[in-house]
1. Measure up 136/231; 93/255; 87/228 against 26 Å on the Cα-Cα distance and list the ones that go over.
2. Determine the calculated [θ] at 222 nm for the chain from helices alone, applying -39500 (n - 2.57) to every DSSP H run no shorter than 4 residues and normalising by the residue count; nearest 500 deg cm²/dmol.
3. Would you please put 288-295, 21-28, 118-125 in order of how densely packed they are, using the mean number of other Cβ atoms within 10 angstrom per residue and starting with the highest?
4. Which length gain, in nm to one decimal place, applies between residue 100 and residue 129 when the Cα-Cα distance is subtracted from 0.36 nm times their residue separation?
5. As an exercise, use a Förster radius of 35 Å and the Cβ-Cβ distance of residue 231 and residue 23 to find the FRET efficiency, rounded to the nearest 0.05.
6. Please calculate the 1.4 Å probe accessible area of residue 35, with all protein chains present, and give it to the nearest 10 Å².
7. Based only on Cα atoms, what Rg/Rh ratio does the chain have, Rh being taken as Kirkwood's radius?
8. What does DSSP give for the range 123-274 in terms of the percent of beta bridges that are antiparallel, rounded to the nearest 5?
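The values are calculated or read from the model by the stated rules, or taken from the named source; none is laboratory data. All values reported here derive from a predicted model rather than from experimental measurement. Cβ placement follows ideal geometry from the backbone for every residue including glycine, while neighbour counts extend to all protein chains displayed. For the accessible areas, the whole protein counts, side chains as well, though only heavy atoms, and no ligand, DNA or RNA atoms are used. Shrake-Rupley method; radii C 1.70, N 1.55, O 1.52, S 1.80 Å.
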Amino acid sequence: MKIGIIGTGMIVNDLLTTVNELDIKLVAILATEATIEEGRKLSDAYGIEHVFIDYNSLLQSDVDTIYIALPNHLHFVFAKQALEKGKHVIIEKPIVPYKSELIEMQQIAQANNLIILEAMNIHYLPAFTLLKEKIKILGEIKIAQFNYSQYSSRYADFKKGIIHPAFDAQKHGGALMDLNIYNIHSIIGLFGSPKASQYFSNVEKGVDTSGILYLDYGKFKVSSIGAKDCKAPIMISIQGTEGNITIESSMNVLKSFTLNKNTGESELIDSNDNKHRLYYEFETFSHIIDNLDYERAHAMLDVSLQALDIIDSARINKGGY
């Protein structure tokens, strides 16, 4: 995979610390006039061949894949342009704000034998694979609770009227898109799509600063909390007729969890994973793109579509958001 990176933010810096362990060629990075020095520093530190400030120039280079790590509202326009230029795309979460946008991109990709992937690392973590297996021990699932509450350092600015993208409704910020999206992907990865969902949110200045998403699976129910205006211990519990599983971390950094049986036995399940949390994700992406594994790509894109079904439904049943 010959990759062109769009953006110079924190997630890009994280990826670059592990990408040298993978069969990925760093061809180019796109910066802005304001971030050109950061782009050059990253280029020097990680051997990125070219630094561009013009997107068309990057698209004309020999990259085969564009990795988009920009604010949410820019994902669609940059991805669509890349697909129209014949490039595969990897897009940071949330892939795009609306399902209709992803369907439009999917049509372009299919017409040109291209691949679209959402950079949601949860699905590729070894501990998540273990979790999917161990859930079977719990018997019939009854209740699951996911709480990702993380007080944002930018909330104080938001209260003063200084609006950063993470709290900007026009840029698709907010708790649902920024934090609860991790819960949503985890829940779909474990249980598939719900029969129904509804979102109740706390809204300030037109954006959800926190909220509770309820998901109905018929025989069991799930609550999913995402908050940027307050915090609590991050906690996930999955309860079944034979026991429960508890997780004391957000799912995107999952390494271990505890299995508690109704018989009184408890077991700490540890993935013994010492890799960076983005390693397995991009290892898989590299394999999919280098081998044109459309079947795996389509399966993962279907998860993204299911997540956007829930996001779109949350807007319809928005509780003020």
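1. 136/231; 87/228
2. -10000 deg cm²/dmol
3. Descending packing order for the listed peptides: 118-125, 21-28, 288-295.
4. 7.4 nm
5. According to the calculation, E is roughly 0.35.
6. 40
7. So for the chain, dividing Rg by the Kirkwood Rh gives 0.97.
8. If I count the DSSP bridges inside the range 123-274, around 85 percent turn out antiparallel.
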